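Presented below is the structure to which this report refers.
The values are calculated or read from the model by the stated rules, or taken from the named source; none is laboratory data. These numbers come from a predicted model, not from an experiment. Neighbour counts run over all protein chains shown; Cβ positions are idealised from the backbone, glycine included. To get the accessible areas, we keep the full protein, side chains included, count just its heavy atoms, and leave off ligands, DNA and RNA. Shrake-Rupley method; radii C 1.70, N 1.55, O 1.52, S 1.80 Å.
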Amino acid sequence: MKRFLSLGAGVQSSTLALMIAHGELPPVDAAIFADTQWEPPKVYEWLNWLESEIQRLPHPFPVHRVSEGNLRADILTRRNTTNGRFAAVPWFILNPDGTKGMGRRQCTSEYKLKPLRKKMRQLVGLAKGQRSKGVVAEVWVGISTDEALRMKPSHDKWARNVWPLIDANMSRQDCLGWFSAKGYALPPKSSCIGCPFHGKAEWREIKADPALWADVLEVDAAIRHQSGSRGAQFMHPKRLPMDQIDFSTPEEKQIDMFNNECEGMCGV
């Protein structure tokens, strides 16, 4: 049976990757990073370093980068990865009658899970449409004890999800402690630049970078009245344009992205 690490390049999955490469966990056949092509530069810089460090350590393994397309470009052109119905991002909606809603969340399944599954099927030798007679892949997912509600079984009969950090009773703080004990810098949070589930601290960091902030403002304006939407769409839960949001006030309770159709793959 093949063993794969689902690598989101965030704190938890990066911890798993390095623990494996150090020999503190059993080996994997490969790690797979699903690239939405809309991550901030610091995530790609981290991933470059992580790949290099994995190869330097005693128990290296290949890291595959896969992608189903550029999420940002597809948002602006309203296309999806199969040129069919657009894979929706859960924008915050203000309807004409003043009621509020939220868009469907399909970006995770289309731009994260789909390319991961496709690559794993290729690596285990399953052709398109071919069925497996049983479980042929073990997928390691970087979910820690403080996020145990995100644990979900695989939708595929040929794969079984495993959560090594849960088994090791490690929280996100334990992962950060592991990094510190090894003398490593801490990983950045892995998420798309315009993810509607950012908290204020993340938005402040993005706003401090003129290029990233210009990116956000362009996409936020473009989604406002796209055809097919029930009402005006916004990137922020206040349902105001991003350049009208005050991020200097104390942190508010962030919407729980992981109880909103998330498959437990984003940002780990």
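Worth pointing out:
- Spin-label model, Leu217 to Leu240: label points 7 Å out along the Cα-to-beta-carbon direction sit 1.6 nm apart.
- What the Cβ-Cβ distance of Ala208 and Ser171 gives, at R0 = 25 Å and to the nearest 0.05, is a FRET efficiency of 0.30.
- Accessible area (Å², 1.4 Å probe, nearest 10) - Phe197: 10 Å²
- Between the amide H of Arg160 and those of Ala137, Glu138, Val139, distances stay under 5 Å, these residues lying 5 or more places away or on another chain, with hydrogens modeled in the peptide plane.
- Kirkwood Rh in Å, taken over region 147-231 so that all alpha-carbon pairs contribute: 16.8 Å
- Taken over the chain, the ratio of Cα radius of gyration to 2.2 N^0.38 Å equals 1.03.
- Net length gained if the chain between Glu45 and Ala30 were fully extended (0.36 nm per residue, minus Cα distance): 3.4 nm
- C-alpha center-to-center spacing [region 3-67, region 97-132] in angstrom: 20 Å
- Among Trp213, Trp91, Trp140, residue whose mean-square fluctuation peaks in a GNM of the chain (springs only between Cα atoms under 10 Å): Trp213
- In this simple spin-label approximation, Leu149 and Gln55 carry label points 7 Å from Cα along the Cα→Cβ vector, and these lie 4.1 nm apart.
- Label separation (Lys128 vs Tyr184): 3.6 nm, computed from points 7 Å beyond Cα along the C-beta direction.
- Links that overshoot a 28 Å alpha carbon limit, given the list Lys157/Lys189; Lys42/Lys200; Lys152/Lys238: Lys157/Lys189; Lys152/Lys238
- Build a GNM of the chain with springs between Cα atoms under 10 Å apart, and of Asp220, Asp174, Asp209 the one that fluctuates most is Asp209.
- Probe 1.4 Å, protein heavy atoms only - accessible area per residue of region 161-247 in square angstrom: 46 Å²
- The overall shape of region 57-193 is oblate: from the C-alpha gyration tensor, with semi-axes ordered a ≥ b ≥ c, the ratio a/c is 1.5 or greater and a/b is no larger than b/c.
- Sorted largest first by accessible area at a 1.4 angstrom probe radius, with every protein chain in place, the residues Lys152, Lys133 fall in the order Lys133, Lys152.
- Accessible surface of Val219, taken over heavy atoms with a 1.4 Å probe and every protein chain present, rounds to 0 Å².
- Taking the three principal axes of the alpha carbon atoms in region 24-135, the coordinate ranges are 61, 39, 25 Å, sorted in descending order.
- Net lengthening on full extension, Thr99/Lys157 (0.36 nm per residue, minus Cα-Cα): 16.8 nm
- Residues of region 111-126 with an amide N closer than 11 Å to a point placed 7 Å from the Cα of Lys2 along the Cα-to-Cβ direction: 117-126.
- Apolar share of the accessible surface for the chain: 53 percent from carbon plus sulfur atoms, 1.4 Å probe.
- Among 240-246, 117-123, the peptide with the highest mean count of other Cβ atoms within 10 Å heads the list, and the full ranking is 117-123, 240-246.
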